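Below is one structure, written out as structure tokens, with a few remarks after it.
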Amino acid sequence: MKVAVIRFPGSNCDQDAYFALKDDVGVGAEYVWHEATSLDGYEAVFLPGGFSYGDYLRCGAMAARAPIMDEVRRFAAEGRPVIGACNGFQVLCEAGLLPGALMLNARQKFLCKDVYLLAVNRSSLWTRGVERVLTLPIAHGEGRFVSDDETVARLEDSGQIAFRYVDASGERTDESNVNGSAHAIAGVLNEKGNVLGLMPHPERATRKLLGSTDGMVILDALKLVASNF
């Protein structure tokens, strides 16, 4: 399996994604520049974190209009795996591939710490069988998930909430919802379940040396679905 790691001007987590996929997950990975117009030969897409286009206008707004995103939309429509972490999540929302938006953290401070996640949907290709609380790092200033009440209710009813912020025991608390996201939402899925966006960084949690291997629980999905594409 070969995964396209999309590079935008200002991306700074693209190498994290590349080496995590290649060395730890054990799948092929290649950089694809934002001006590319084809994803032929790739079976999955990873949109990395960072500050694409310097976060001008809104986080991810300019990247969402890059030429490569038309191909990412095609991938998503075909049911192929697409994942966006941090800025990648913001890009997916701005591109209309996922609902909602990511706004300034509730306390208006940049957060860089480990958080606990609980899988809400446990049937998508990204969340299948995730029964335990995961520990993943975050690093963002604008990671507060927001949406109108009707959309959030639809996400709840359709099983599109992938992960919530919780405490170490798996309980939702005000303190564990570190950025003030609506309903403590940390990650969402599209209706088909093949597109995942989340603010925490699974690619930074693939080795014990990095503090956690829980990112592998999510990224290993790429190996499981490789034979289907």
**Study point:** Candidates V130, V146, V120 - the one that is aliphatic (A, V, I, L, M), modelled with pLDDT under 95 and under 28 Å from R73 (Cα atoms)
**Key:** V130
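Taking the stated definitions as given, is D24 of a type in the set (D, E, K, R), in contact (Cβ under 8 Å) with a residue 40 or more places away in the chain and under 13 Å from A85 (Cβ atoms)?
Criteria not met by D24.
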Exercise for review: Kindly indicate the residue of segment 1-49 that is among the β-branched types (V, I, T) and out of contact with any Phe, Trp or Tyr (no Cβ under 9 Å at 6 or more places or on another chain) and also surrounded by the fewest Cβ atoms within 10 Å (Cβ to Cβ) among those meeting that condition.
Suggested key: T37
Check your understanding: Mind checking which pairs have a first residue in segment 57-69 that is of a type in the set (V, I, T) and a second that is assigned to a loop (DSSP other than H, G, I, E, B) and modelled with pLDDT of 95 or more, Cβ under 9 Å, 6 or more apart or different chains?
Key -> I68/F8; I68/H34; I68/E35; I68/A36; I68/T37; I68/S38; I68/L39
Revision key, fill the gap. Of the listed residues (A36, A106), the one being in a loop (DSSP other than H, G, I, E, B), modelled with pLDDT of 95 or more, more than 18 Å from the chain's Cα centre (by Cα) and within 23 Å of A139 (Cα to Cα) is A106
Review point. Assigned to a helix (DSSP H, G or I) and either crowded, with 20+ Cβ neighbours inside 10 Å or of a type in the set (D, E, K, R) (or both): does that describe F75?
Key: yes
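The values are calculated or read from the model by the stated rules, or taken from the named source; none is laboratory data. All values derive from a computational prediction rather than experimental measurement. Quick reminder, even Gly has a Cβ in these numbers, built from the backbone with ideal geometry, and neighbours come from all protein chains shown.
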